[in-house]
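K.L.:
The structure under discussion is supplied below as structure tokens; questions concerning it will follow.
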Amino acid sequence: MSTLTASPLLSRHGAVEATGLDAGVAWHYGDPTAEQRALAQGRGVVDQSHLGVVTVTGPDRLSWLNSLSTQEVAALTPGASTELMILSPQGRIEHVAAAVDDGATTWLITETAEGLATFLDRMRFMLRVDVADVTADWAALGEAVRAPAASGEPVTWVDPWPDVVAGGTTYAASTDSHPGALRPWRLVLVPRPDLDKEVDERLESGWILAGTWAAEALRIEAYRPRAAAEVDATTLPHELDWLRTAVHLHKGCYRGQETVAKVHNVGRPPRRLTMLHLDGSAHSLPEPGASVRLGLEDDAPVAGHVTSVARHHELGPIALAVLKRSTDPSATLIVPSDGGALSASQELIVNADGFSADRPPTVGPTMKGLLMGKGCAADGGDMPA
């Protein structure tokens with residue numbers, strides 16, 4: 001979470017500050033339902049100035065980031081957007097960044113700017129790269145647009161979700177159209193002192209200012225994982241269907257690659273992301289972190305926990321939750337809230353069998369180890385079952 005002071009946009013009429021992960025920017029500006037509708041129609045702008053921004057400059061920046069991250073970025077062209085992760089040696093997610101290069105600088109938009117910058121700085125060695133946390137100088141604006149920046153426009157990252165990008169794969173439970181296809185999204189970087197002016201220019205064109213309530217509701221509807229919400233100390237990318245956009249399965253060695261390859265080729269992720277449709281008759285919502293149980297009893301088995309929650313303008317109360325993979329997809333789940341226990345039905349995101357769309361065929365005992373990925377020494381990662 002950012003340590004910046006509150007956004008100047010909180011002084012706008014009707015602004016109500018968000019709490020938790022989005023503290024420092026507006027939750028809504030007085031009419032969250034209208035804001036959601038406007039954002040869904042592509043005519044809303046969202047203050048995302050609480051996000052962090054890290055820059056990497058120098059002639060070795062792309063090949064260096066390629067060696068450290070999960071994504072193939074060695075030949076990233078100016079203006080192209082991608083997403084990358086830094087993993088632990090055991091393949092757990094440590095940092096996630098939206099990445100775009102302008103030909104001289106690689107811009108990384110992240111929720112862990114300080115930690116990411118510190119890690120990258122430690123890994124520079126003798127290479128010609130410089131790392132800087134420039135969060136104090138640059139702010140992001142979210143827009144429901146899927147177009148890259150035109151010539152002369154600010155640096156812009158276009159969200160690739162839910163496409164399965166080159167080198168990626170999916171653990172989706174359904175082959176039907178993905179709801180994320182209906183949620184275009186991009187982040188436009190502007191100088192922090194110009195935040196008010198940039199927003200006013202959009203409002204003059206007929207857009208409205210929307211809060212994080214609207215942005216989060218549409219994100220949850222789109223099954224879009226968020227690092228600060230869905231990731232904990234043990235999260236594997238496979239559990240969140242994040243091999244779609246942030247992991248290249250056929251690139252060179254990086255930290256955590258062996259675990260990524262093992263889980264994809266011969267293992268199964270121990271948990272799965274799902275969307276919950278919550279009982280809409282109650283006026284309360286569960287808090288992120290709330291347990292998800294398989295019954296009303298206090299000692300009912302815990303299936304997992306809620307990670308994100310919102311009230312959608314059409315779907316009503318919805319949430320994302322990370323559950324044990326073995327949880328029965330047809331089970332009605334129980335989630336506590338301040339107003340009492342809420343029942344919840346599942347809408348599968350990650351399939352319950354734990355297999356990706358292009359999982360290699362089972363190999364015989366004489367082929368053991370041939371599908372573990374190329375070019376990496378063992379990095380100590382355990383293979384989840």
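K.L.:
Which percent of Cα-Cα pairs in the range 102-151 sits in each 10 Å bin, short to long?
P.N.:
So the P(r) values, bin by bin, are 18, 46, 27, 8, 0.
K.L.:
I need the calculated FRET efficiency for the pair T5 and Q41, taking r as the beta carbon distance and R₀ as 35 Å, to the nearest 0.05.
P.N.:
It comes to 0.65.
K.L.:
Let me ask another. Roughly what % antiparallel, to the nearest 5, for the DSSP beta bridges in the chain? List each step's numbers first, then the result.
P.N.:
Values: 64 of 67 bridges.
Just about 95 percent of them are antiparallel.
K.L.:
Accessible area per residue, 1.4 Å probe, Å², for the range 231-345: what's the number?
P.N.:
Using a 1.4 Å probe on heavy atoms only, each residue of the range 231-345 averages 38 Å².
K.L.:
Follow-up. Within 10 Å, Cβ to Cβ, of P184, how many net charges do the neighbouring residues add up to if Lys/Arg are +1 and Asp/Glu are -1?
P.N.:
That sum, taken over residues with Cβ under 10 Å, equals +1.
K.L.:
Below 8 Å between Cα atoms, with a sequence gap of 6+, how large is the relative contact order for the chain in percent? Numbers along the way, then the final one.
P.N.:
Numbers: 903 pairs, mean separation 71.9, N = 385.
For the chain, the relative contact order is 19 percent.
K.L.:
So if I restrict to the alpha-carbon atoms in the range 47-112, what is the Rg, and what is Dmax, the biggest pairwise distance, in Å?
P.N.:
That works out to 11.7, 35 Å for Rg and Dmax.
K.L.:
While we're here: Calculate one ³J(HN,Hα) per residue across the range 274-283 by plugging θ = phi - 60° into the Karplus curve 6.51 cos²θ - 1.76 cosθ + 1.60, and present them in order as whole Hz with x for glycine and proline.
P.N.:
Along the range 274-283, the couplings run 9, 9, 10, 9, 8, 3, x, 7, 8, 8 Hz.
K.L.:
Scan around G24 for amide H atoms under 5 Å from its own, H built in the peptide plane at 1.01 Å from N, and keep only partners 5 or more places away or cross-chain.
P.N.:
Under 5 Å from the amide H of G24 lie the amide H atoms of A18, each far enough along the sequence or on another chain.
K.L.:
Suppose each label sits 7 Å from its Cα in the direction of the beta carbon; what would the S291-A150 distance come out to in nanometres?
P.N.:
5.5 nm
K.L.:
So what J values fall out for the range 87-99 if you push phi through Karplus, 6.51 cos²θ - 1.76 cosθ + 1.60 with θ = phi - 60°, rounded to Hz, Gly and Pro as x?
P.N.:
After applying 6.51 cos²θ - 1.76 cosθ + 1.60, I find 9, 6, x, 8, x, 7, 6, 10, 9, 10, 9, 7, 10 Hz.
K.L.:
Hey, got a sec? Which GluC sites (Glu not before Pro) in the range 234-332 land in a DSSP loop and have at most 16 other Cβ atoms within 10 Å?
P.N.:
E297, E314
K.L.:
Below 12 angstrom from the Cβ of V306, what's the summed charge of the other residues (Lys, Arg +1; Asp, Glu -1)?
P.N.:
Residues near V306 contribute -1 overall.
K.L.:
Would you mind checking which residues have amide H under 5 Å from G211's amide H? H placed 1.01 Å from N; only 5 or more apart, or other chain.
P.N.:
The answer is Y29.
K.L.:
Let me ask you something else. Out of the total accessible area of the range 115-162 (probe 1.4 Å, heavy atoms of protein only), what percent is carbon and sulfur? Intermediate values should be presented prior to the final figure.
P.N.:
Details: 1380 of 2400 Å².
Reported share for carbon and sulfur atoms: 58 percent.
K.L.:
On to the next question. What number, rounded to the nearest 500 deg cm²/dmol, is the helix-based mean residue ellipticity at 222 nm of the chain, given -39500 (n - 2.57) per DSSP H run of at least four residues and division by all its residues?
P.N.:
So the helix-based figure for the chain works out to -4500 deg cm²/dmol.
K.L.:
Moving on. For A23 and D163 in the same chain, what is the full-extension length gain: residue separation times 0.36 nm, less their Cα-Cα distance, in nm?
P.N.:
Full extension of this stretch gives 47.4 nm more.
K.L.:
Among all stretches of the chain without exposed trypsin sites (Lys or Arg not before Pro) (DSSP loop, at most 11 other Cβ atoms within 10 Å), which one is longest?
P.N.:
By the stated rule (loop sites, at most 11 other Cβ atoms within 10 Å), 129-367.
K.L.:
Can you pull the Rg over Rh of the range 186-273, Cα-only, Kirkwood?
P.N.:
For the range 186-273, the value is 1.13.
K.L.:
Taking 0.36 nm per residue of sequence separation and subtracting the Cα-Cα distance, how much length would be gained by fully extending the chain between A75 and D102, in nm to one decimal?
P.N.:
Result for the pair: 8.5 nm of gain on full extension.
K.L.:
Rolling a 1.4 Å sphere over the protein heavy atoms, what is the accessible area per residue of the range 60-213, to the nearest Å²? Intermediate values should be presented prior to the final figure.
P.N.:
On the way: 6500 Å² over 154 residues.
Dividing the accessible area of the range 60-213 by its residue count gives 42 Å².
The values are calculated or read from the model by the stated rules, or taken from the named source; none is laboratory data. All of these numbers come straight from a predicted model, not from anything done at the bench. Virtual Cβ from ideal backbone geometry, glycine too; neighbours counted across all protein chains shown. The area values use the complete protein model at the heavy-atom level, side chains included, leaving out ligands, DNA and RNA. Shrake-Rupley method; radii C 1.70, N 1.55, O 1.52, S 1.80 Å.
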